[in-house]
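Here is the structure we will look at, set down as structure tokens.
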Amino acid sequence: MDRIVVGVDGTPESVAAARSAGGLAGKMGFNVTLAFVVSSATALGPEEMLGQRLEWEREEEERGAAEDWMAWFSDPKNRADF
């Protein structure tokens, strides 16, 4: 085992969990993988697809936020010592 996987969703609790995992991983020489889940689209008909467009765009924005968070967290200067 050389990896810690942490689920993040932007809540204070998930940020605290990610920071704790970073501190522990640093002490043990492990890597941290942050997991962010966005619901997947189901097979839809043409009318339903039109209604889902805004939801898909919001999910894309969430993915971008998760990528920004992962980039921030991967910078050693942003990790807290535990």
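Within the stretch 1-23, what residues put their amide N at less than 12 Å from the label point 7 Å along the Cα-to-Cβ vector of Leu54?
Of the residues in the stretch 1-23, none has backbone N under 12 Å from the label point off Leu54.
What order do you get for 19-28, 55-64 when each peptide is scored by the mean count of other beta carbon atoms within 10 Å, highest first? Can you show the working numbers first?
Details: 19-28: 15.8, 55-64: 11.9.
Averaged packing, sorted descending, gives the order 19-28, 55-64.
Here, each number is a calculation from the coordinates, and none is a lab measurement. Please read all numbers here as calculations on a predicted model, not as lab measurements. With ideal geometry, Cβ positions are generated from the backbone for all residues, glycine too; neighbour counts draw on all protein chains shown.
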